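The values are calculated or read from the model by the stated rules, or taken from the named source; none is laboratory data. Worth saying up front: this structure is predicted, and the values here are computed from it rather than measured. Backbone-built Cβ (ideal geometry, glycine too); neighbour counts: all protein chains shown.
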Amino acid sequence: MQGSVLVVDDLPSFRRLMRALLEQFGLGPVYEAADGSAAIEEALRVRPDLITLDLAMPKMDGLAAAERLATLLPGTPVVIISGFDELALRHRAEEAGVAAFVVKPFEQAELRARLEQVLALAAARQVHPVG
């Protein structure tokens, strides 16, 4: 797997864990942001290949950030990684253009498989644009 990733979560310990996992998966560079507002600024600055977002964060939650990122960086896949697993949240995430939803706690193999799938789909769309 290859590509840069922006990890957005308000917990520094979770961002460190994600950085280690993503680098182990061969992804990088890995950038970080602590809330949705900072995520938008950082995403516009670094233009990552993939963005992971927590749902519950200060300033701007993950769904609001996902909606904004879909407008500002169309084609950049967003993956929600959250401890909240409700059907209504998954539906709202889908409406916001989120590519995948991973529930915490997760297995490393599950996360890797989802990220590979999302990155492969994004790459295919760039080679064969829809529309």
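Applying the criterion of being aliphatic (A, V, I, L, M) and within 11 Å of M1 (Cβ to Cβ) to the residues of the stretch 112-122, the residue that is modelled with the lowest pLDDT is A120. Within the stretch 18-36, residues that are part of a helix (DSSP H, G or I) sit with their Cβ atoms under 8 Å from residues that are polar (S, T, N, Q) and buried (at least 19 other Cβ atoms within 10 Å of the Cβ), at 6+ positions apart or across chains, in these pairs: M18/T52. Please specify each residue of the stretch 38-56 satisfying the condition of being surrounded by 16 or more Cβ atoms within 10 Å (Cβ to Cβ) and out of contact with any strand residue (DSSP E or B) (no Cβ under 7 Å at 6 or more places or on another chain). If the condition is that a residue be surrounded by 16 or more Cβ atoms within 10 Å (Cβ to Cβ) and out of contact with any strand residue (DSSP E or B) (no Cβ under 7 Å at 6 or more places or on another chain), then A38, I40 are the ones that fit.
Of the residues D35, D61, D9, which is of a type in the set (D, E) and crowded, with 21+ Cβ neighbours inside 10 Å? Being of a type in the set (D, E) and crowded, with 21+ Cβ neighbours inside 10 Å holds for just one of D35, D61, D9, which is D9. Any chance the stretch 93-102 includes a residue that's touching a Phe, Trp or Tyr at 6+ places or on another chain (Cβ under 9 Å), part of a helix (DSSP H, G or I) and either charged (D, E, K, R) or at pLDDT below 95 (or both)? The answer is yes; a qualifying residue exists.
Within the stretch 96-109, being on the phi < 0 side of the Ramachandran plot and surrounded by 12 or more Cβ atoms within 10 Å (Cβ to Cβ) holds for A96, V98, A99, A100, F101, V102, V103, K104, F106.
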